[in-house]
């Protein structure tokens, strides 16, 4: 099996971090580049909780999430991946499963490593993981986290 690029989609939760050791081991074994992907979900379709969400408010919230995700991915690279010499960090907007599958196609990914559920994982197999497994054209390694995600 040839593995030159591994995709690690993460929602930055403790649950999704469970896949990182597998990513690191596989990357070292195959000398593979790792693509870290965080997807910012589109909030415009959600029901408002306290009044209407104005477009400007949603845009500012989106920018804030992108900044936070970028900083957290950078921290993971500094602390766990020694500065990411063979890593690429992506922060994309949209539907997480669709973006993962698009990234597989667009970046020439050979293997996806993700957890069975992430931040909102109350069930043994999350909807994003299920959609990726069912639709990916490359092998997908699904890691079951030992504890639920709490977002930290």
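Between residue 131 and residue 82, the simple label model (points 7 Å from Cα in the Cβ direction) yields a spacing of 3.6 nm.
When peptides 56-69, 88-101 are sorted by average Cβ neighbour count within 10 Å, with the highest value leading, the order is 88-101, 56-69.
Read-outs: derived from the displayed coordinates by stated rules, not from any lab. Here the structure is a predicted model, which means the values were calculated and not measured. Because the Cβ atoms are built from the backbone with ideal geometry, glycine has one as well, and the counts that use them run over all protein chains shown.
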